[in-house]
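A short worksheet on the structure shown next.
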Amino acid sequence: CKEWSKTVTNGKTYTKGNRYTATLKIPDETWHYAQAQFRYKITTKETYQEYNILQRDASSISPANLTIDWGDGTENTTIAKDQELTQKTIASHTYVSARNYTITIYSDQPDPANKQIPQIMFADPMTDTGDQCLTSILDPFPNMEATDFTACFCLCTNLTSVPAELFRYNPQATNFNTCFILCRELTSVPAGLFSFNTQATTFKECFAICDKLSSLPSGLFLFNTQATNFQNCFSGCIKLKLRADIFPDPATFPDFFTGKNMNFKNCFNNVGQSAATPGTAPKLWLFNRGGGSWTITDCFTGANVTNSGKIPNDWK
């Protein structure tokens with residue numbers, strides 16, 4: 001967001017109880033961006049627990065002056081602009097007490113058109129571990145110039161929520177494979193989660209085995225026109241009440257996938273097996289293929305949907 005401030009001399013004295021209307025004529029050049037921030041919540045499990053903030057790359061250069069507020073009243077950690085970050089862990093902190101904390105990362109590069117922070121992630125695929133302390137993300141990621149969100153939240157088994165437009169300021173991202181896989185406390189997906197990621201090409205296993213995921217927003221993949229790989233995307237989401245409109249309506253947009261080599265293998269395998277009521281399967285079989293090669297094996301196998309009888313056999 002942008003902010004504007006001005007000190008006014010010879011101001012007006014207002015009488016209590018009266019209503020006044022003021023008109024401001026502010027030149028465009030007087031606006032400036034407020035400081036960027038990224039907040040998320042954690043819960044530590046034990047006393048004197050060490051917590052690490054990880055970056056995706058083994059090394060990087062800080063794009064701005066960063067300040068990390070650990071949320072416990074202790075001294076902030078600062079990282080200087082152009083500082084070399086040569087370790088997977090870019091900052092570490094020890095929490096004395098086991099309780100809830102909100103971590104805030106501030107960047108003095110406030111314009112989201114420029115890179116604001118290094119690309120951070122909450123899982124380490126090399127060690128097959130996720131951030132067990134993470135409980136919720138409060139703000140969209142700042143611009144990290146991220147193209148790959150593979151396994152970003154993999155095995156974050158206590159993550160309960162993420163904000164709408166989480167990936168908004170990283171529109172160049174193409175890969176969301178295993179992004180939320182095994183986030184076993186995640187119950188819903190916010191509207192607009194991928195709306196700005198029009199270059200995304202793959203969502204393979206993105207939400208696989210999210211056991212408590214129960215709802216999806218309309219139009220989840222409406223703007224992801226380049227995406228071709230949805231293999232196992234929701235496989236194992238046993239409480240999910242599937243909805244047809246996560247993709248465009250094939251009656252209105254029959255050529256949405258035309259000419260693409262699509263992979264829907266196991267996409268909705270066993271979806272909704274434990275849901276209170278059945279959902280509705282997207283009518284993927286009605287889209288025009290236009291010569292594209294489609295993999296559809298077991299796409300809806302075991303899915304609890306009201307229109308199961310209309311799904312062609314080769315899709316289940």
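The values are calculated or read from the model by the stated rules, or taken from the named source; none is laboratory data. What you see is a predicted model; the values in this text were computed from it and never measured. In this analysis, Cβ positions are derived from the backbone assuming ideal geometry, glycine residues included, and neighbour counts consider all displayed protein chains. The accessibility values were calculated without ligands, DNA or RNA, using every heavy atom of the protein model including side chains. Shrake-Rupley method; radii C 1.70, N 1.55, O 1.52, S 1.80 Å.
Tabulated results
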| quantity | calculated |
| --- | --- |
| Shape category assigned to the range 51-192 from the gyration tensor of Cα positions, a/c cut at 1.5 | rounded |
| Value in Å of the Kirkwood radius, where the range 218-316 supplies the Cα pairs that are averaged | 13.3 |
| Accessible solvent surface per residue of the chain, calculated while the other protein chains remain in place, 1.4 angstrom probe, Å² | 49 |
| Fraction of accessible area attributable to carbon and sulfur, the range 117-172 (%, probe 1.4 Å) | 53 |
| About the Cα centre, charge dipole magnitude for the range 182-316 (Lys/Arg +1, Asp/Glu -1 at Cβ), debye | 140 |
| Spin-label zone in the range 124-160 - amide nitrogen under 16 Å from a point set 7 Å from the Cα of Thr89 along the C-beta vector | 124-134 |
| Two-site label geometry, Ala58 and Asp314: point separation in nm, points 7 Å out along Cα→Cβ | 4.6 |
| Integer Hz, Karplus 6.51/-1.76/1.60 couplings in order for the range 62-70, x for Gly and Pro | 5, x, 7, 6, 10, 10, 10, 9, 7 |
| Rounded FRET efficiency, nearest 0.05, which uses the C-beta distance separating Thr47 from Gln273 and R0 of 41 Å | 0.55 |
| Selected from Asn170, Leu134, Pro112, residue furthest toward positive end of dipole (the range 86-206; charges at beta carbon) | Leu134 |
| Gyration tensor (alpha-carbon) shape descriptor, the range 175-220, a/c threshold 1.5 | oblate |
| Interchain or long-range residues, amide H under 5 Å from Leu85's placed H | Ser60, Ile61, Ser62 |
| Gained length - Thr306 relative to Ser215, 0.36 nm times residue gap less alpha-carbon distance | 31.2 nm |
| With at most 10 other Cβ atoms within 10 Å, longest stretch of the chain clear of loop GluC sites (Glu not before Pro) (DSSP) | 76-316 |
| Hydrodynamic radius (Kirkwood) for the range 31-97, which is based on Cα pairs only, to one decimal in Å | 13.6 |
| Charge context of Phe176, other residues only, Cβ under 15 angstrom, K/R +1, D/E -1 | 0 |
| Under 15 Å, Cβ to Cβ, from Thr102 - net charge with Lys/Arg +1 and Asp/Glu -1 | -1 |
| For the chain: Kirkwood Rh in Å [reciprocal of mean 1/r, alpha carbons] | 21.7 |
| Whole-number percent relative contact order across the chain, with pairs defined as alpha carbons under 8 Å at least 6 apart | 11 |
| Anisotropy class of the range 243-288 from Cα gyration tensor, a/c 1.5 cut | oblate |
| Neighbour count of at most 15 Cβ within 10 Å plus DSSP loop: longest chymotrypsin sites (Phe, Trp or Tyr not before Pro)-free window in the chain | 49-316 |
| Net +/- balance of residues flanking Thr277 in space, Cβ distance below 13 Å, scoring K and R +1, D and E -1 | +3 |
